[in-house]
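Written below as structure tokens is the structure these notes are about.
The values are calculated or read from the model by the stated rules, or taken from the named source; none is laboratory data. The model shown is predicted, which means the values in this text are computed figures rather than measured ones. Using ideal geometry, Cβ is built from the backbone for each residue, glycine included, and neighbour counts are taken over all protein chains shown.
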Amino acid sequence: MIYGKEISCLMSSKQENNIIALLAVEKDGLTAVEIHKLLFVYAMEEEAKHSCEFIPYIKGCYSPTLARTLSKLQENHFIKEVEISGVPKIALTAEGKWCAMGLQASAIMNEFLKRYTFRGNDLLEDVYCRYPYWAINSAIASTVLKDKPEALKAIKDARPKEGLKLASIGYEGRSFENYLNALIKSGTDVLCDVRKNPISRIYGFSKSSLKNACEKLGIEYRHFPELGIPGESRKELNTQDDYDKLFAWYERNVLPKNDSFIDELIELLGAGKNIALTCFEADPAQCHRTRILNKISLKTGMDSVLI
């Protein structure tokens, strides 16, 4: 059990506060899907700066980060799983109710929920109709909107029309959801990870998490460690000149030995796949993936686009 000052310390993020405030108003609890949908609408319509970002997933708008926060709150005994009329829901514990007392977000959330009263299938229908992009990967849209062909058409029209053949993306400074949406909107078919060691302290970007999320979104994930740069070679990079010297070494010593992997990337392009090369750095001038893209361009005449 956690009491007193420790609770206020744990409620450190706006996202956590919003979950607690939401469940304080909805005293009988909400399903996980309802929590995601209600906080999506709240973020879109009530917040100038979104406390939570979402991706179009198998039941519509979904946030991996929000799901992780819910797990954290449950582990710390602020929320619990309950069953009401055979339906599994999430509700506040006694500690969670104590935490909600005096929370500024509770009054704001209360006013929002007075105006926005959709729950259950009505909530899904409303979100799908008003925000079609977020339903493009939904496996239940045809059921939810069975009597609304115009809404189903809007969802179909919201899908990316034509993807970028050859793209580059870094995850530095991006949320997991922002990054995944960039891949979806660019029409990426295959994400090509060119990190030597695909491990990250930033949530979502280690190999297993990234691969799992991509594949659930219909994006193939491939790892090309042979095209990476050893971590020990990346020390003391303080100026652009330092980066340029490293990448010149990389072009002389690494790329020539791994030409077959460049050819594998080119084969993906030849098979009609839209590919995106990824690494950490946001600035392409400070990432070795740019040198890989240059080599592909020399062989194919194809330019790359930063997403």
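Of the residues in the stretch 127-138, how many are surrounded by 16 or more Cβ atoms within 10 Å (Cβ to Cβ) and either assigned by TED's automatic domain parsing to the domain that holds Leu38 or without any contact (Cβ under 8 Å) to a residue 60 or more places away in the chain (or both)? Before the answer, list the steps.
The initial filter retains those residues of the stretch 127-138 that are surrounded by 16 or more Cβ atoms within 10 Å (Cβ to Cβ), namely 127-129, 131-138.
If we keep only those that are either assigned by TED's automatic domain parsing to the domain that holds Leu38 or without any contact (Cβ under 8 Å) to a residue 60 or more places away in the chain (or both) as well, we get 129, 132.
Summing the residues that are surrounded by 16 or more Cβ atoms within 10 Å (Cβ to Cβ) and either assigned by TED's automatic domain parsing to the domain that holds Leu38 or without any contact (Cβ under 8 Å) to a residue 60 or more places away in the chain (or both) in the stretch 127-138 gives 2.
Every condition in (1) surrounded by fewer than 16 Cβ atoms within 10 Å (Cβ to Cβ); (2) over 30 Å from Ile58 (Cα atoms) holds for Ile296 except the one numbered (1).
Condition check ((1) modelled with pLDDT under 95; (2) on the phi > 0 side of the Ramachandran plot; (3) touching a Cys at 6+ places or on another chain (Cβ under 9 Å)) across all residues:
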position	(1), (2), (3)
Ser168	no, no, yes
Ser175	no, no, no
Tyr179	no, no, no
Gly218	no, yes, no
Gly231	yes, no, no
Glu236	yes, yes, no
Phe247	no, no, yes
Leu255	no, no, no
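Would you check which residues across the stretch 255-307 are β-branched (Val, Ile, Thr) and over 22 Å from Ile219 (Cβ atoms) and list them? Before you say what the answer is, go through the steps one by one.
The initial filter retains those residues of the stretch 255-307 that are β-branched (Val, Ile, Thr), namely 262, 266, 275, 278, 290, 292, 296, 300, 305, 307.
Listed by number, the list is empty, since nothing qualifies.
Could you list all residues from the stretch 153-201 that are among the hydrophobic types (A, V, I, L, M, F, W, C) and part of a strand (DSSP E or B)? Leu166, Ala167, Ile169, Val190, Leu191, Cys192 - these are the residues of the stretch 153-201 that are among the hydrophobic types (A, V, I, L, M, F, W, C) and part of a strand (DSSP E or B). If you check Gly204, Gly272, Gly218 for being assigned by TED's automatic domain parsing to the domain that holds Tyr171, surrounded by 15 or more Cβ atoms within 10 Å (Cβ to Cβ) and assigned to a loop (DSSP other than H, G, I, E, B), only one passes: Gly204. Filtering the stretch 224-243 to residues that are over 24 Å from Ile199 (Cα atoms) and either charged (D, E, K, R) or in contact (Cβ under 8 Å) with a residue 60 or more places away in the chain (or both) leaves only Asp241. Val254 falls short on exactly one of the conditions (1) surrounded by 18 or more Cβ atoms within 10 Å (Cβ to Cβ); (2) over 15 Å from Cys192 (Cβ atoms); (3) under 30 Å from the mean Cα position of the chain (by Cα), and that condition is (3).
Residues in the stretch 90-114 that are over 12 Å from Val25 (Cβ atoms) and out of contact with any strand residue (DSSP E or B) (no Cβ under 6 Å at 6 or more places or on another chain) were compared, and the one that is surrounded by the most Cβ atoms within 10 Å (Cβ to Cβ) is Cys99.
Hey, any hits in the stretch 83-91 for a residue that's of a type in the set (Asp, Glu) and either assigned to a helix (DSSP H, G or I) or under 30 Å from Gly228 (Cα atoms) (or both)? Before the answer, list the steps.
We begin by selecting, within the stretch 83-91, every residue of a type in the set (Asp, Glu); these are 83.
After this cut, where a residue has to be either assigned to a helix (DSSP H, G or I) or under 30 Å from Gly228 (Cα atoms) (or both) as well, the list is none.
Among the residues of the stretch 83-91, not one is of a type in the set (Asp, Glu) and either assigned to a helix (DSSP H, G or I) or under 30 Å from Gly228 (Cα atoms) (or both), which makes the answer no.
When the residues of the stretch 105-126 are narrowed to those that are in contact (Cβ under 8 Å) with a residue 60 or more places away in the chain and polar (S, T, N, Q), which ends up nearest to Leu38 (Cα to Cα)? By that ranking, first place goes to Asn110.
Just to verify a result, which residue in the stretch 139-177, among those that are surrounded by fewer than 17 Cβ atoms within 10 Å (Cβ to Cβ) and small (Gly, Ala, Ser), is farthest from Phe280 (Cα to Cα)? Within the stretch 139-177, the match that is farthest from Phe280 (Cα to Cα) is Ser142.
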